[in-house]
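What follows is one structure encoded as structure tokens, with my remarks underneath.
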Amino acid sequence: MDIPFNFKLLLFWKNLFNKKVENPLIEISKSGRGVSSILFFLPEKAEDAKIANYLVKSENPLSDCKIGLFCSEKSKDFYSHKSDMKFFTYKDSDLNHFDTIKSHSLSDQISATKYDAIVDLNTEFCAASTMLILELDAPLKIGFDSSIARKVYTITLERRENAFLEGYFSKILGLLGVSL
């Protein structure tokens, strides 16, 4: 995953002046209760969206969880959602020079719902999602590996070029404590 230099610079700047708040330790075990609320950061690519849509659609194994969805306004049409799911979107006009979200109102709106887990389904770098995930407070953050992933996520998945996304998504469900 290629990370733009200006984003790396922004991340360095934020880490230099902001205290890192340590999230509580989490334990993943077969006897655990799983999560009760999940915020999914959805991919912007149409081909990835088809697979991700399966994970978040209404008749899936996550029906007992409170679900939130986040994506750009451009990719919103790729996803169906029920009325009880919170859907957060941003427009290109909401982005600054670093391609991160300018306004804190969206972050505050998402933070109002305390999510147990944040799952970034983007297989390619998205500055808006990455910075927002970094700023949100959740004990479990899952995403794909990159040069900055360890600063952002609590669990990273290494993506192999020839591997199917469905396999990664089933691993994510297992980490969330959802049985298929």
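The values are calculated or read from the model by the stated rules, or taken from the named source; none is laboratory data. A quick note: this is a predicted structure, and the numbers were derived from the prediction, not measured. Here the Cβ is made from the backbone with ideal geometry for all residues, glycine too, and neighbour counts use every protein chain on show.
Within the set Ser75, Ser80, Ser63, Ser58, the sole residue that is of a type in the set (Ser, Thr, Tyr), surrounded by fewer than 15 Cβ atoms within 10 Å (Cβ to Cβ) and at pLDDT 70 or above turns out to be Ser80. Residues of segment 131-143 that are under 17 Å from Lys8 (Cβ atoms) and at pLDDT below 90: Met131, Leu134, Glu135.
Residues of segment 102-131 being under 15 Å from Ile38 (Cα atoms), of a type in the set (A, V, I, L, M) and not in a loop (DSSP other than H, G, I, E, B), which ones? Selection gives Ile110, Ala117, Ile118, Val119.
So which residues in segment 149-176 are modelled with pLDDT of 80 or more, among the aliphatic types (A, V, I, L, M), in contact with a helix residue (DSSP H, G or I) (Cβ under 8 Å, 6 or more places away or on another chain) and over 14 Å from Phe40 (Cα atoms)?
Val152, Ile155, Leu157 - these are the residues of segment 149-176 that are modelled with pLDDT of 80 or more, among the aliphatic types (A, V, I, L, M), in contact with a helix residue (DSSP H, G or I) (Cβ under 8 Å, 6 or more places away or on another chain) and over 14 Å from Phe40 (Cα atoms).
Any idea which residue in segment 111-167 is farthest from the chain's Cα centre (by Cα), counting only those that are acidic (Asp, Glu) and crowded, with 17+ Cβ neighbours inside 10 Å? If we take residues in segment 111-167 being acidic (Asp, Glu) and crowded, with 17+ Cβ neighbours inside 10 Å, then Asp116 is farthest from the chain's Cα centre (by Cα). If the condition is being out of contact with any Leu (no Cβ under 9 Å at 6 or more places or on another chain) and without any contact (Cβ under 8 Å) to a residue 40 or more places away in the chain, then segment 158-180 contributes Glu158, Arg160, Glu161, Asn162, Ala163, Phe164, Gly167.
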